[in-house]
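Following: one structure in structure tokens, then a few remarks.
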Number of protein chains: 2
Amino acid sequence: MTARLEPNMTDISRSGCPINLSLEVLGDKWSLLIIRDMMFGNRRHFRELLTKSEEGISSNILADRLKTLLDEGIITREDDPTHKQKGIYSLTEQGIELLPVLAQMAAWGYKYLPVSEELGIRARLLSEGGPKLWAEFMDELRENHLGTKRRKRTGPSVGERLQAAYDSVVQRK
Amino acid sequence: MTARLEPNMTDISRSGCPINLSLEVLGDKWSLLIIRDMMFGNRRHFRELLTKSEEGISSNILADRLKTLLDEGIITREDDPTHKQKGIYSLTEQGIELLPVLAQMAAWGYKYLPVSEELGIRARLLSEGGPKLWAEFMDELRENHLGTKRRKRTGPSVGERLQAAYDSVVQRK
DNA sequence: CAAACTGATTGCGATTTGCAACTGGTTGTA
DNA sequence: TACAACCAGTTGCAAATCGCAATCAGTTTG
């Protein structure tokens, strides 16, 4: 959007409270949705994030948020070798560790807000799975986004299970 | 700020995703800070929330957010019997159950952002205490905000322990 | 070579933010 | 009873942000 005066940082913060600092980075209506789509929808390109999201973010907002998330070290960007213009966005460890925040937020929303059935199923499974399932999913994210060595795998991944559950609900309706 | 056309609801939502719905309610830079101050600072009056917060919210924003949080069922307001003008704001069960969200957000901020020592100590203790400590603290919040029957208590409450830790760091500096 | 696709950028009106001043009322004190 | 201090907000206004639509320049596909 508006170019920031300095490349990054130097933004004076309102306080050194961890919650406040987190909100200064993520406290808007889009940033965490972008993280969500990268985590659960495996969206890695600008176009994917732009067009395949439920909520319909506009391109200038998306570009601005991606820039901020880059500056904050929550995501990285690298060139896609198959296409000179495409960039591949990846979560950093810092970004991956936002999963528990998203999981708690999803659990709260699932319990108290008018969540649609198909979009609620992931929240339910994630909530029921608890921190152990979150850790497993975060390991998978490390594989996909950080290129961490693949561990032994028995059965479908958490990501696959969440997707399968979603598909199954959509199918049934 | 701007009066909503209808008392509440009827705001069309971007999607039925639990994370999106949560962000539509809480996705701004102030709402969760107000919740935080009610939870950890035991701020219950307008003036307390206005003047005793680290970040310095302005009165119109505070009034607007309190209205929204009321509409959403996250807090309630009752008259203070000791003062005809004072209102007492309390968390609902729905509001109290935002604690895990705040705790995860605090833990993430504590790990990755330039948190001040005195304001980080609560985050550290809360993170180390884990879900078990959160549940204990939520029970205390139910006592203080919902008037739930007081359970047997051994030693200082979680709230007191967090406050004592904060005071101790401030003292030492 | 043209159409479609890529990651963005720009213009612009509508909305939201945030500061400061202010309102109408209540309480404490002399 | 006068008066200052305190209470919960409200109002005005300028600045910043949001969000839609159009556009852009380079890349790939047919």
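Bear in mind that the values in this text are calculations on the coordinates, not laboratory data. Every value quoted in this text rests on a predicted model; they were computed, and no experiment measured them. Here Cβ is always computed from backbone atoms with ideal geometry, including for glycine, and neighbour counts include all displayed protein chains.
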Long-range amide H partners of B:Ile75 with built H, under 5 Å: B:Leu70, B:Thr92
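Once you charge only the Cβ atoms, +1 for Lys and Arg and -1 for Asp and Glu, what is the size of the charge dipole of chain A about its Cα centre, to the nearest 20 debye?
Here the size comes out at about 520 debye.
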Region A:25-169 shape via C-alpha gyration tensor axes, a/c threshold 1.5: oblate
Assuming a ≥ b ≥ c are the square roots of the Cα gyration tensor eigenvalues, decide whether region A:18-92 counts as rounded (a/c under 1.5), prolate (otherwise, with a/b larger than b/c) or oblate. prolate
Can you give me the span-like helices of chain B, meaning DSSP H runs with 15 Å or more of Cα extent along the axis and Kyte-Doolittle mean at or above 0.0? B:59-71, B:99-112
Can you pick out the pairs among A:Lys29/B:Lys67; A:Lys111/B:Lys149; B:Lys29/B:Lys111; A:Lys149/B:Lys132; A:Lys29/A:Lys149 whose Cα atoms lie more than 29 Å from each other? A:Lys149/B:Lys132; A:Lys29/A:Lys149
Let me know the charge dipole size of the protein assembly as shown about its Cα centre in debye, to the nearest 20, where only the beta-carbon of Lys, Arg (+1) and Asp, Glu (-1) is charged. 660
In nm, what does the list of distances from A:Ala63 to its counterparts in the other copies look like, shortest first, when each label sits 7 Å along Cα to Cβ? 3.9
Report, by chain and number, residues whose modeled amide H sits under 5 Å from the one on B:Ile88, excluding near sequence neighbours (fewer than 5 apart, same chain). B:Glu78, B:Asp79, B:Asp80
Residues other than A:Val158 with Cβ under 10 Å of its Cβ, Lys/Arg counted +1 and Asp/Glu -1, net out at -3
Given a Förster radius of 22 Å and the C-beta distance between B:Glu136 and A:Glu128 as r, what FRET efficiency does 1/(1 + (r/R0)^6) yield to the nearest 0.05? 0.45
Percent of all Cα-Cα pairs per 20 Å bin for the protein assembly as shown, counting from 0 up to the last occupied bin, reads 28, 59, 14, 0
Counting other Cβ atoms within 10 Å, which trypsin sites (Lys or Arg not before Pro) in region A:16-95 have at most 10 and lie in a DSSP loop? A:Lys84
Whole-Hz Karplus ³J(HN,Hα) for region B:74-84, in order, using 6.51 cos²θ - 1.76 cosθ + 1.60 and θ = phi - 60°, x for Gly and Pro? 8, 10, 10, 10, 9, 6, 7, x, 8, 7, 4
Between A:Pro114, A:Pro100, A:Pro131, where does the largest GNM mean-square fluctuation fall for chain A, given springs only between Cα atoms within less than 10 Å? A:Pro114
Over region B:1-141, what is the relative contact order in whole percent, taking alpha-carbon pairs under 8 Å and six or more residues apart? 18
Between A:Met105, A:Tyr166, A:Gly130, whose Cα lies farthest towards the positive end of the dipole of chain A when Lys and Arg beta carbons carry +1 and Asp and Glu beta carbons carry -1, centred on the Cα centre? A:Tyr166
Return the average number of partner chain Cβ atoms within 10 angstrom of each residue Cβ along peptide B:121-130. 1
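Within 10 Å of each Cβ in peptide B:93-101, how many partner chain Cβ atoms are there on average? Round it to a whole number, please.
Counting Cβ atoms of other protein chains within 10 Å of each residue's Cβ and averaging gives 4.
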